Amino acid sequence: MKKILEDERLSKLNHSCAHLLAQAVKHLYPEAKFWVGPVIEEGFYYDIDLGDKVITEEDIPLIEREMKKISKDGKRIFRKEISKDEAIEMFQEDPYKQDLISRMDENETIITCYSQGDFTDLCRGPHVETVKELKYFKLLKFSGAYWKGDSKNKMLQRIYGVCFDTEEDLSEYLKELEEAAMRDHRKIGKNLNIFMSHDLVGKGMPLWLPNGAIIRKNLENYIYEKEQKLGYKHVYTPCVGTVDLYKTSGHWDHYKENMFPSMKVDDEEFVLRPMNCPHHMLVYANDLHSYRDLPIRIGEFATDFRYEASGAVKGLERVRCMCQNDAHLFVRPDQIGEEFKKVVSLILDVYQDFGLKNYKFRLSLRDPEDKEKYFDDDEMWNEAENKLREVLNEFGISYYEAIGEAAFYGPKLDVEVKPAVGPEVTLSTCQLDFLLPRKFELSYIDREGNKQIPVVLHRAIFGTFDRFTAFILEETKGLLPFWLAPTQINIIPVNNEYHLEYSESLYEKLKDYRIELDDRNEKLGYKMRESVTRKIPITLIIGQKEVDGNLVSYRLHGSEETTTVTYDEFIKMIKEKIQNRK
Ligand code: TSB
Ligand code: ZN
């Protein structure tokens, strides 16, 4: 996919096209007022105040037509420098521009504006020479967007578009967008009945349907098995805690804006938990520990609640109620490197099982300027960040560094992946923490009988089951491997009259698997097509040959080929599929 933001020419073109959009909107709706129109990864958008008017599907072709007309007219685009006072004067009637001007740097006394024909906008530029260059564009979508992203403000109309230099580039891009939209887990999730949402439950609170629950349960079993073998002990803890718990941990001071507000019950004040670390710290503190007991690895499939901005919630990928595949590893300082490597190995192992290849490691560091987000202890941060770098370099995995992405309690190694639609997200994470063990006064007894403070590694391999499911649905385009597929085998009798009885006997014999028998009185071709669109990995086609010879004929999803085997051979084949979990 073309990288618009990183390409100077494409950025300029898209920026100018945003102005063209604004000009066309102004022609059609003279009362329109404009907020900002930035270039983004997908092209550009413009946020527009249209009074009470809400943009609809019908408006888009009209706006596009007007844009074409202006472009054909071919006016030059002029850059002009004006003083701040002139700008204030010029946009007297426009509260949005006044707001922009008032927030400009004090030293910025000269303001640039760009004009094309009858339209002028405040802008830093740069722009193309003439609107004639804006020939190959398309308006992509529209939505409401609160002014400055704040739900207390007025809802503006946001229109998205994209512009290229050639027709071929545009159509190739549109095709790619279409393919990405087909891969969007929200679409797949709906088509395959994996999850739903409902206004009565709330934003960012998906409901996992039976098909989704099968996927999730199997993911849980899969990772639980791995963690068991690696010495993790799982616990169950409540998904609320008192405000005091989160004051002790520091979440209340450094993470409050990501939390749901508290609620009072009798004489206690609770919050829905955004993380599980405090609970696990208390589990650790419930026992005395010797240096010989460490590492202690406490795992949980733990439900958390986070306040995510309503514009940011997205299917299963970014939710307000999530389930982490979480664990906290309590280690001695001399065990950090070793234990960290084990986590990275587990991540690599799991990614290999799922055939995931497109991911990047990110070393997420604190922003030393941000005293609000990060616990203020330079020495502790430097120690943790250097230790992480040291381990990563020793381990030899390549990564990039990102300032301001650390957790409030420590730096982390994140795995970044790109969803079908939208910006990159973090999947797995492994975090180094010297802070919370101190806050909870955790200890172990060292060889000499002295009390020492353990170090904690926070880690989530899938991240959350929610986000991981979203990602694998997109990576597989909904065609999940046999062991994860909600329905694994679909039996279709060629003719119910003659082949149903044998099909039913197969159905009974194969009941250890997630199996369906399609005995509807529909045409064979229709049923086969449906089996394909439902992404069922194996479809059995049972006709006279199979009945007479006690055979099984099957088709693997995506293949046009039918293979006929004995029942035993068939069982052997699917057992291998389950065992390999590939
Ligand atoms: C790993 N305390 C640690 C934990 O011990 C923690 O909570 N880390 S986290 O904040 O990075 O979250 C863990 C993982 O949850 C992230 O890596 C990400 O994959 C996933 N996640 C975070 N926010 C959301 C969300 N809103 N929706 C879905 N998944 C999310
Ligand atoms: Zn944690």
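The values are calculated or read from the model by the stated rules, or taken from the named source; none is laboratory data. Note that the coordinates shown come from a computational prediction; the quantities given were computed from them, not determined experimentally. All Cβ positions, even for glycine, are placed from backbone atoms using ideal geometry, and neighbour counts span all protein chains on display. Remember, those area values only see protein heavy atoms, side chains included, never the ligands or the DNA or RNA. Shrake-Rupley method; radii C 1.70, N 1.55, O 1.52, S 1.80 Å.
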Worksheet item: What number goes with the only condition from (1) surrounded by 17 or more Cβ atoms within 10 Å (Cβ to Cβ); (2) not in a helix (DSSP H, G or I) that A384 does not pass?
Response: (2)
Discussion item. Of all residues being of a type in the set (K, R) and assigned to a helix (DSSP H, G or I) in segment 156-184, which is most open to solvent (accessible area, probe 1.4 Å)? Just the residue, please.
Written reply: K175
Worksheet item: Quick one: which of G51, G43 is within 37 Å of the chain's Cα centre (by Cα) and surrounded by fewer than 17 Cβ atoms within 10 Å (Cβ to Cβ)?
Response: G51
Worksheet item: Here are E383, E317: which of them is away from ligand 2 (no atom under 16 Å from the Cβ), under 24 Å from C239 (Cα atoms) and among the acidic types (D, E)?
Response: E317
Worksheet item: If the Cβ limit is 8 Å and pairs must be 6+ apart or interchain, which residue in segment 520-533 that is open to solvent by 50 Å² or more (accessible area, probe 1.4 Å) pairs with which residue that is not charged (D, E, K, R)?
Response: N521/N496; L524/I492; L524/V494; L524/I541; V532/T539; V532/H557; T533/N191
Worksheet, complete the sentence: Looking across segment 418-430 at residues that are β-branched (V, I, T) and more than 8 Å from the chain's Cα centre (by Cα), the single one that is least open to solvent (accessible area, probe 1.4 Å) is T429
Practice prompt. Would you mind stating whether A213 is under 22 Å from the mean Cα position of the chain (by Cα), among the small types (G, A, S) and in a helix (DSSP H, G or I)?
Written response: yes
Worksheet item: Of all residues in segment 524-554, how many are assigned to a strand (DSSP E or B) and not polar (S, T, N, Q)?
Response: 7
Fill in: Exclusive hit being surrounded by fewer than 18 Cβ atoms within 10 Å (Cβ to Cβ) and more than 23 Å from F440 (Cα to Cα), set E317, E269, E308, E257
E308
Discussion item. Could you go through segment 474-483 and let me know if any residue there is within 30 Å of E383 (Cβ to Cβ), outside any helix (DSSP H, G or I) and either within 16 Å of ligand 2 (Cβ to nearest atom) or not polar (S, T, N, Q) (or both).
Written reply: no
Worksheet entry | In segment 534-582, the residues that are in contact with a Phe, Trp or Tyr (Cβ under 9 Å, 6 or more places away or on another chain) and among the aromatic types (F, W, Y) | Y554, F570
Worksheet item: Any residue at all in segment 439-459 that is surrounded by 24 or more Cβ atoms within 10 Å (Cβ to Cβ), within 16 Å of ligand 2 (Cβ to nearest atom) and closer than 22 Å to N221 by Cβ?
Response: yes
Worksheet item: Hey, does segment 435-451 have a residue that's at positive phi and in contact (Cβ under 8 Å) with a residue 60 or more places away in the chain?
Response: yes
